[in-house]
Amino acid sequence: MQTVITKRELQVPVDVLIRVADVLLENDITNSITGTDEEDGYITIEVEYEKEQRDAIHEAEDIISDYHENEEEEDDDDED
């Protein structure tokens, strides 16, 4: 049976880069930096993973999502 490799790009905020990198490294997920956005403060990382590694990708995506949710909450608090 052939192994299916999925590619995806993650836009990782610099503030959570180390946490996301730890997840990718711990799960041996192939990755490369494909871009940066200094103005918005994120790095684009292309990941390649197998079906068995999906949970790790979801964990990385959750870290990113949680970061954005916390940012929105802080912005709302600043407006008050």
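Projecting the Cα atoms of 23, 68, 53 onto the charge dipole of the chain (Cβ charges, centred on the Cα centre) puts 53 farthest toward the positive pole.
Think of a 1.4 Å ball rolled over the protein heavy atoms: the range 18-73 then has 68 Å² of accessible area per residue. All C-alpha to C-alpha distances of the range 35-80, sorted into 10 Å bins beginning at zero, yield P(r) values of 21, 38, 29, 10, 1 percent in whole numbers. Considering only alpha-carbon pairs that sit under 8 angstrom and 6 or more positions apart, the relative contact order computed for the chain is 37 percent. Remark: C-alpha extents of the range 1-77 on the principal axes read 52, 22, 17 Å, sorted largest to smallest. Compared with the dominant Cα axis of the chain, that is its longest principal axis, helix 54-79 is turned about 10°.
Rounded to the nearest 20, the Cβ-based charge dipole of the chain about its Cα centre (Lys and Arg +1, Asp and Glu -1) stands at 1120 debye.
The values are calculated or read from the model by the stated rules, or taken from the named source; none is laboratory data. None of the values given here were measured: they were computed from a predicted structure. Ideal geometry is used to build each Cβ from the backbone, glycine not excepted, and the neighbour counts take in all protein chains shown. Heavy atoms of the whole protein, side chains included, go into the accessibility calculation; ligands, DNA and RNA do not. Shrake-Rupley method; radii C 1.70, N 1.55, O 1.52, S 1.80 Å.
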